[in-house]
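A quick write-up on the structure given underneath.
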Amino acid sequence: MDSSLSLPGQEWPRLEPGWVWLCGAGPGDPGLLTLHALNALRQADVVIYDALVQEAILDWAPQAEHIYAGKRGGKPSAKQRDISLRLVDLAKAGKRVLRLKGGDPFVFGRGGEEAQTLVQHDVPVRIIPGISAGIGGLAYAGIPVTHRDVNQSVTFVTGHDQSGNTPQSLNWKAISQGSQVLVIYMGMKHIAQIASQLLDAGRAKDEPVAIVTSATTGAQQVLETTLSMMAADIAAAGLAPPAIICVGRSVLMRQVLDWQGMAAGETPRNLDPLGRGRPAESA
Ligand code: SAH
């Protein structure tokens, strides 16, 4: 039976036995899946999914076996090896394997490692990108990751490395000075340390910061604070991971672009938070 997607004018790839498709599931809201992801869900024999993948998405693969491969940051990397080898075994057993990962598989998701192991074992792979939490999650909070009046670059940073520590290899000074907007993944555990490193590197105490937890899900929370206050404010609010932390003036745009708040009947706090005039005036 051909269970692949059907839309006019478009041929959808077949997920063949023995293949692994390494696929991003987006940040949470099932509607943020790509059509390639949906096509994969419909054909898979096995779906191996991570902690950050919403269970509702699995309902779209009722024919498949669902295997949970969740692990949260800081766990030993040996387990990553187990997951990769499990994918190899399933593919070699002739399954149509869908490896579903939160956000984009190649953004801080170890997707590169998994794909490399597959290729090393002669398993054919297809990569399906996804919407990364650091872009789509911020958009759901009304924060544009770039904005002409704020930043011409953006830096995506991970708050901890494989050992669970703040990455030693990161040059926080260079990062601070090199990019107006920083988007920090996995930053909650070492939030105080990250804040002090950024302040030491010369970022302003009152620089706007937003923390978006469980972005794009029904449990999404957004905290607006400043660099010097963020660690204390996160603790006071009792915020829990997963969280994206955005440092920079683009956070101010939420005052006019909190579209979820507006949909719920709130009025924008400030129509011109950057003080640049309306676009028509400043063009
Ligand atoms: N590949 C993923 C990132 C995996 S690392 C992506 O592209 O989004 C895991 C980290 O991603 C979490 O610790 C958190 O910082 C971030 N993250 C993933 N989903 C999130 C969500 N729904 N809300 C907030 N942060 C999220």
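The values are calculated or read from the model by the stated rules, or taken from the named source; none is laboratory data. This is a predicted model, so every value here is computed, not measured. Don't worry about glycine lacking a Cβ; one is built from the backbone with ideal geometry, like all the others, and counts go over all protein chains shown. Side chains included, ligands, DNA and RNA excluded: accessible areas come from the protein's heavy atoms. Shrake-Rupley method; radii C 1.70, N 1.55, O 1.52, S 1.80 Å.
For region 104-124, which residues satisfy the criterion of being of a type in the set (D, E, K, R) and within 13 Å of the ligand (Cβ to nearest atom)? So that I can check it myself, show each step before the final result.
Just the residues of region 104-124 that are of a type in the set (D, E, K, R), to begin with: 104, 110, 113-114, 122.
Listed by number, the residues that qualify are Asp104, Arg110, Glu113, Glu114.
Output the residues belonging to region 1-28 that are open to solvent by 40 Å² or more (accessible area, probe 1.4 Å) and either at pLDDT 95 or above or of a type outside the set (A, V, I, L, M, F, W, C) (or both). It would help to see each step written out before you state the result.
Step one: filter region 1-28 for residues open to solvent by 40 Å² or more (accessible area, probe 1.4 Å), giving 1-2, 6-11, 14, 16-17, 19.
Asp2, Ser6, Pro8, Gly9, Gln10, Glu11, Arg14, Glu16, Pro17, Trp19 - these are the residues of region 1-28 that are open to solvent by 40 Å² or more (accessible area, probe 1.4 Å) and either at pLDDT 95 or above or of a type outside the set (A, V, I, L, M, F, W, C) (or both).
State yes or no: is Ala133 open to solvent by 40 Å² or more (accessible area, probe 1.4 Å) and among the aliphatic types (A, V, I, L, M)?
Details: open to solvent by 40 Å² or more (accessible area, probe 1.4 Å): no; among the aliphatic types (A, V, I, L, M): yes.
So Ala133 fails the test.
Identify the single condition in (1) touching a residue at least 60 places away in the same chain (Cβ under 8 Å); (2) within 16 Å of the ligand (Cβ to nearest atom); (3) assigned to a loop (DSSP other than H, G, I, E, B); (4) hydrophobic (A, V, I, L, M, F, W, C) that Leu170 does not satisfy, given that it satisfies every other one.
Unmet condition: (1).
Given (1) within 25 Å of Asn171 (Cα to Cα); (2) open to solvent by less than 20 Å² (accessible area, probe 1.4 Å); (3) near the ligand (Cβ under 9 Å from one of its atoms), identify the lone condition not met by Lys101.
With respect to (1) within 25 Å of Asn171 (Cα to Cα); (2) open to solvent by less than 20 Å² (accessible area, probe 1.4 Å); (3) near the ligand (Cβ under 9 Å from one of its atoms), Lys101 is out only on (1).
Quickly run through region 197-220 and pick out the residues that are crowded, with 16+ Cβ neighbours inside 10 Å and within 16 Å of the ligand (Cβ to nearest atom).
Selection gives Val209, Ala210, Ile211, Val212, Thr213, Ser214, Ala215, Thr216, Thr217, Gln220.
How many residues are buried (at least 16 other Cβ atoms within 10 Å of the Cβ) and in a loop (DSSP other than H, G, I, E, B) if we restrict to region 136-160?
Counting residues in region 136-160 that are buried (at least 16 other Cβ atoms within 10 Å of the Cβ) and in a loop (DSSP other than H, G, I, E, B) gives 10.
Asp149 versus (1) acidic (Asp, Glu); (2) touching a Ser or Thr at 6+ places or on another chain (Cβ under 7 Å); (3) more than 11 Å from the ligand (Cβ to nearest atom): which is the lone unmet condition?
Here Asp149 meets the rest and fails (2).
One residue is enough: does region 52-68 have a residue meeting the conditions surrounded by fewer than 19 Cβ atoms within 10 Å (Cβ to Cβ), within 30 Å of Gln221 (Cβ to Cβ) and polar (S, T, N, Q)?
no
Among the residues that make up region 33-45, is at least one of them without any contact (Cβ under 8 Å) to a residue 40 or more places away in the chain and surrounded by 21 or more Cβ atoms within 10 Å (Cβ to Cβ)?
Scanning region 33-45, I find at least one residue that is without any contact (Cβ under 8 Å) to a residue 40 or more places away in the chain and surrounded by 21 or more Cβ atoms within 10 Å (Cβ to Cβ), so the answer is yes.
Could you run through region 267-279 and say how many residues are at pLDDT 95 or above and open to solvent by 100 Å² or more (accessible area, probe 1.4 Å)?
Going through region 267-279 one residue at a time, the tally reaches 3.
Would you check if there is a residue in region 54-63 being within 13 Å of the ligand (Cβ to nearest atom), in a loop (DSSP other than H, G, I, E, B) and under 19 Å from the mean Cα position of the chain (by Cα)?
Looking for residues that are within 13 Å of the ligand (Cβ to nearest atom), in a loop (DSSP other than H, G, I, E, B) and under 19 Å from the mean Cα position of the chain (by Cα), one finds at least one in region 54-63, hence yes.
Here is a yes/no grid of residues against (1) touching a Pro at 6+ places or on another chain (Cβ under 9 Å); (2) buried (at least 22 other Cβ atoms within 10 Å of the Cβ):
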site	(1), (2)
Tyr185	yes, yes
Ala195	no, yes
Ser228	no, no
Ala231	no, no
Ile234	no, yes
Leu239	no, no
Asp258	yes, no
Gly261	yes, no
Gly265	no, no
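Here's a check for you: in region 241-256, which residue that is within 16 Å of the ligand (Cβ to nearest atom) and open to solvent by 40 Å² or more (accessible area, probe 1.4 Å) is nearest to Gln54 (Cα to Cα)?
Pro242
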